[in-house]
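The values are calculated or read from the model by the stated rules, or taken from the named source; none is laboratory data. None of these values were measured; they are calculated from a predicted model. Every residue, glycine among them, receives a Cβ derived from its backbone with ideal geometry; neighbour counts consider all protein chains shown. When the accessible area is computed, the model is the full protein with side chains, heavy atoms only, and any ligands, DNA or RNA have been set aside. Shrake-Rupley method; radii C 1.70, N 1.55, O 1.52, S 1.80 Å.
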Amino acid sequence: QVQLVESGGGLVQAGGSLRLFCAASGGTFSDYAMAWFRQAPGKEREFVAAISWSGEDTYYIDSKKDRFTISRDNAKNTVYLQMNSLKPEDTAVYYCAAKKGGYYSDYGAYAYWGQGTQVTVSS
């Protein structure tokens with residue numbers, strides 16, 4: 001069973017950048033597809049990006065692919081989310097998630113979740 005811990009969130013001005021980190025432990029990291037989701041107050045959890053176990057394949061919700069980049073380092077058991085040109089509407093708690101097999105955008109497909117990291121973008 002894998003445990004996930006996110007970090008890297010914080011307060012940033014609109015137009016700024018943040019890099020989120022998700023450190024995994026307790027399993028073979030390369031067995032897992034990884035994803036980032038986010039949840040704003042009063043809204044449903046939203047898919048942001050996913051990456052295959054090898055890192056060769058990535059998938060984004062269309063509105064994020066030009067500003068966000070997901071990547072992973074299997075040697076460091078870490079997945080990253082680089083976020084550029086941030087907007088106030090990007091404010092949310094960002095969650096890292098893991099599943100064995102292929103990646104999906106459906107949060108119900110992911111068995112393992114971190115506790116989340118808050119990202120706040122001021123206007």
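So, in region 89-123, exactly how many residues are assigned to a loop (DSSP other than H, G, I, E, B) and either of a type outside the set (D, E, K, R) or within 17 Å of ARG72 (Cβ to Cβ) (or both)?
Going through region 89-123 one residue at a time, the tally reaches 12.
Out of (1) aliphatic (A, V, I, L, M); (2) assigned to a strand (DSSP E or B); (3) surrounded by 21 or more Cβ atoms within 10 Å (Cβ to Cβ), what's the single condition that is false for LEU86?
Only one criterion is unmet by LEU86, namely (2).
Go through the residues of region 54-62 one by one and say whether even a single one is of a type in the set (Phe, Trp, Tyr), farther than 11 Å from TYR95 by Cα and either part of a helix (DSSP H, G or I) or open to solvent by less than 70 Å² (accessible area, probe 1.4 Å) (or both).
Within region 54-62 (the criterion being of a type in the set (Phe, Trp, Tyr), farther than 11 Å from TYR95 by Cα and either part of a helix (DSSP H, G or I) or open to solvent by less than 70 Å² (accessible area, probe 1.4 Å) (or both)), the answer is yes, since at least one residue qualifies.
Go through region 28-60 residue by residue and tally those that are among the small types (Gly, Ala, Ser) and in contact (Cβ under 8 Å) with a residue 60 or more places away in the chain.
Counting residues in region 28-60 that are among the small types (Gly, Ala, Ser) and in contact (Cβ under 8 Å) with a residue 60 or more places away in the chain gives 2.
When the residues of region 36-53 are filtered to those that are part of a strand (DSSP E or B) and of a type in the set (A, V, I, L, M, F, W, C), which remaining residue is nearest to ASP106 (Cα to Cα)?
PHE47
Report, by residue number, each residue of region 91-109 that is closer than 17 Å to ALA50 by Cα and open to solvent by less than 10 Å² (accessible area, probe 1.4 Å).
TYR94, CYS96, ALA97, ALA98
What number of residues in region 54-73 are over 11 Å from the mean Cα position of the chain (by Cα) and either closer than 21 Å to GLN115 by Cα or hydroxyl-bearing (Ser, Thr, Tyr) (or both)?
The total comes to 5.
Which residue is modelled with the lowest pLDDT, if the candidates are limited to region 16-35 and must be in a strand (DSSP E or B) and aromatic (Phe, Trp, Tyr)?
The selected residue is TYR32.
Pairs, please: C-beta under 9 Å, at least 6 apart or cross-chain, first residue charged (D, E, K, R) and in region 1-27, second open to solvent by 50 Å² or more (accessible area, probe 1.4 Å) and not in a strand (DSSP E or B)?
From residues that are charged (D, E, K, R), the pairs are GLU6/GLN115.
Could you grab me the full set of residues in region 49-66 that are modelled with pLDDT of 95 or more and under 21 Å from GLY15 (Cβ atoms)?
ALA49
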